[in-house]
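Contents: one structure, followed by commentary.
The values are calculated or read from the model by the stated rules, or taken from the named source; none is laboratory data. These numbers come from a predicted model, not from an experiment. Note that each Cβ is placed from the backbone with ideal geometry, even for glycine, and that neighbours are counted across all protein chains shown. For accessibility, only protein heavy atoms count, side chains too; no ligands or nucleic acids. Shrake-Rupley method; radii C 1.70, N 1.55, O 1.52, S 1.80 Å.
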Amino acid sequence: MSLDTLVQNKVLKDAMTVAIVCNQFGDTGKGKFVDLLSTWADVIARGTGGANAGHTIKIGSVEHVFHLIPSGILHDRAGKYNIIGRGVVLDPRVVVKELDLLDKASLPYERLRLSMNAKLVLPQHLVMDRIKEAKSGKEIGTTGRGIGPCYEDHTGRRGLVLNDILNRDVFVRKLKRNLAHHNTVLSTLDPDMQFTKKIMEHEHLANGAYFSQTQRFDLDVIVEMYATTYAGRIGAMITDTEARLRDYVGRKKILLEGAQGYLLSVDYGSHPYVTSSDASIEGLAKGVGIRVRDVDLVLGIVKAPYMTRVGVGPFPTEYGGERSEKHCQAEGMTIDLEQELYFDNALHHDNEFLRGIAIRKIGGEKGATTGRPRRVGRLDLPLLRYSTQTNGNKVILTKLDVFDDADKIEICKAYVYKGPAYRMGKYTLKQGHILFCAPQDPEILKHCEPIYGKLPGWNQKTPGIRTYEELPQKMRDLVEYIERKAKVEVVMISLGPEREQTIVRGGAAGIRS
Ligand code: GDP
Ligand code: IMO
Ligand code: MG
């Protein structure tokens, strides 16, 4: 039976709307699975985040990375529609850049549609994002793509939407009002405009073309770029995608592509170390304009037996703890440089920090958007239990092959609280308390010490294996341990970046998760 048929018969069954989300801190392999399921889908839609995402699809030796365009675009030729929904913060520059790359590779995008209501990313959002990060000493470690400021403008009721670029007068009116706000804030943050000028020299900001010595932002240049250049290039793709998707529900096969991960959700993550959209299934459904109850099947991706995080924030199981966090944030740090500094790729290092470097190298854990080394830690079941409360219990495990050479595996089963007494309403959390489900509050999470369960490694290369039964017994033991301890159902297992490197295990229960 072909992989597509197996996936359909054993996993998707009679589901019509399926969502791929991430149950960790992002970068778990959403791109690979969206591409895989795109052969089944009629339409693929993104509903959250923006160009902060980096979704990788590997076909043979060619790697495609998409930041904004859905990962289903490679199936345009097969008649599939790809949609960017209303919940996305859309930077036209990035869309145009991705279209140029598709053109270069002779890949069509005739059926790409962009929501009229997608939030419009403007130069001031990138400036604000970068200036705040620079002034705060990279407090969050954002991707610098203007995500937070653009969502802030939306909730602050001064944002623009994509459709505005098609109506020049409306665009100018709204832009003036929006710039007045940003100029007021920036006049305090950067009174002599030196920071602004420097930031605007970046190629993401038209190499300085938007800067005005007198006004800070050159309104005319922005209007020309957005209402003429971008409108000309992407205007015909802008439409009411929500109406279309609502109409498709139950009639056509819809695949929703999540961005980021549950633990980075503005609503469920450990605030403030999060992104600015709701990366859960709830945010995703809303972000494409349908109801959560219209989603028949939610598949949550989970890296195992390790996980990663990019940027700042608590990560209890991180190999090398604070040292690793600082190392990964250091200016100019790359995977190549750390290899030069600490060359040794052994997974069995007693020194945790070095073990982390080995995992990063073997797993290729380099940020797809920023190129930063991703922080690595052990699989954290309290965090997984927390994510599945919203995202459901059907999961896909990825990257197990990275641990093929490991002789032992540690999995975090629970936490012991090691911080000061901490009041939560009438309950007081005290030192020594055991937690099985991760708390959302970083004030608690940062004092959580993991309790590890130890399992033996399988010491066997696995990327060529295609059935669950052929997997090493010790790998299956690990999969079943995760299922038991986190009360999840593992429906697929990924053993490499390519689509065929996938094991379909299927699910016992009905289509709803
Ligand atoms: P996304 O943001 O969730 O789409 O994930 P990214 O593309 O940022 O990061 C996942 C990386 O792991 C990509 O380079 C994928 O090609 C790669 N990948 C996906 N699944 C597997 C797997 O099972 N094993 C290995 N070794 N690599 C994988
Ligand atoms: P995908 O879809 C991993 C992280 C950033 C930072 C925080 C806030 O590829 O899984 P932002 O620029 O969004 O304001 O940054 O969120 N972050 C991601 N980390 N994968 C992503 O996307 C991410 N998108 C944002 O590193 O810590
Ligand atoms: Mg990614």
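Couple of notes before you dig in:
- Pairs exceeding 20 Å between alpha-carbon atoms, taken from 132/198; 80/366; 394/461: 80/366; 394/461.
- The range 203-235 versus the range 316-345: alpha-carbon centroid distance in Å: 38 Å
- Heavy-atom accessible surface of the range 306-378: percent carbon and sulfur, 1.4 Å: 50 percent
- Accessible area (Å², per residue) of the chain, counting only protein heavy atoms and a probe of 1.4 Å: 40 Å²
- Sites listed here are trypsin sites (Lys or Arg not before Pro) in the range 415-452 whose DSSP assignment is loop and whose Cβ has at most 14 other Cβ atoms within 10 Å: 418, 426, 430.
- The Stokes-Einstein estimate for the chain, based on a Kirkwood radius over Cα pairs and taken at 4 °C with 1.567 mPa s viscosity, is a diffusion coefficient of 55 µm²/s.
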